[in-house]
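Below is one structure, written out as structure tokens; comments come after it.
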Amino acid sequence: MNTIMRKSVLGIAGLAFAGGVFAGPATAHAAPAVESKPLAVAVQADKADAGKLIPHGVQGKQSRIDLDDEQTGNVKAIIAATKKADMDERAAVVAIATALQESKLENLGHLGERNDHDSQGLFQQRPSSGWGTVEQITDPEYSTMAFLKGLKQVDGWKNMPLTEAAQTVQVSAYPDHYAQWEKQAADLVTKHWNNS
């Protein structure tokens, strides 16, 4: 009811302002509603919630790398896929931290002898483990959606430390390494959440 009333007041105030329909006391009473909470709520709706980004605090020493345009594009693709999957900023932080650990946000193809089995893409997913075809897992949107699908299946992932949630999906030989990227991942989500 409050929201409907606020929208009505905003609509009337907008008409009054645009067309000069109202004059005198009616405009004076409508003006405070225009300046109050509805506009602030609308602006904040797409803003990353800092309290949700790192709910457990960072664990251990944090790492940070400079990103080039390709890596930044991959960050934006991960955020866009997270929104498409109807998941929140915390899911984007977990996904970006995972991709930072797995590939440094580079969409890696097969690395020959340096490859971990047949792992490829941002998340180093393996076709032989059922993540998809090489073409699919080297597509940033597809690979992110596949990661997020796995994350959704982790019971209580929102209440877990990042490294535990990521490890449950990834099953890495180095389960604690995801934690070092949490701060940079949160910073990237804060910076790009509204632009993706």
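The values are calculated or read from the model by the stated rules, or taken from the named source; none is laboratory data. What you see is a predicted model; the values in this text were computed from it and never measured. Neighbour counts run over all protein chains shown; Cβ positions are idealised from the backbone, glycine included. Please note that ligands, DNA and RNA were not included when accessible areas were found on the heavy atoms of the full protein model with its side chains. Shrake-Rupley method; radii C 1.70, N 1.55, O 1.52, S 1.80 Å.
What the table below lists for this structure:
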{"item": "Selection status of SER172, among the hydroxyl-bearing types (Ser, Thr, Tyr) and crowded, with 18+ Cβ neighbours inside 10 Å", "result": "no"}
{"item": "Positions within the stretch 124-181 being in a loop (DSSP other than H, G, I, E, B) and among the acidic types (Asp, Glu), in sequence order", "result": "ASP139, ASP155"}
{"item": "Out of LEU105, LEU188, sole residue that is closer than 25 Å to ASP68 by Cα, modelled with pLDDT of 95 or more and not in a helix (DSSP H, G or I)", "result": "LEU105"}
{"item": "Scan of the stretch 55-78 for residues that are assigned to a loop (DSSP other than H, G, I, E, B), open to solvent by 40 Å² or more (accessible area, probe 1.4 Å) and modelled with pLDDT of 75 or more, ordered by number", "result": "VAL58, GLN59, GLY60, LYS61, GLN62, ARG64, ILE65, ASP66, LEU67, ASP68"}
{"item": "Output for the stretch 177-189, where each listed residue is open to solvent by 10 Å² or more (accessible area, probe 1.4 Å) and under 19 Å from SER119 (Cα atoms)", "result": "HIS177"}
{"item": "Output for the stretch 127-170, where each listed residue is over 26 Å from LEU67 (Cα atoms) and among the aliphatic types (A, V, I, L, M)", "result": "VAL154, MET160"}
{"item": "Test: residue in the stretch 83-96 that is open to solvent by 40 Å² or more (accessible area, probe 1.4 Å) and outside any loop (DSSP other than H, G, I, E, B)", "result": "yes"}
{"item": "Members of the stretch 84-107 that are closer than 17 Å to HIS177 by Cα and either hydroxyl-bearing (Ser, Thr, Tyr) or in contact with a helix residue (DSSP H, G or I) (Cβ under 6 Å, 6 or more places away or on another chain) (or both)", "result": "VAL93, VAL94, ALA95, ILE96, ALA97, THR98, LEU100, GLN101, SER103, LEU105"}
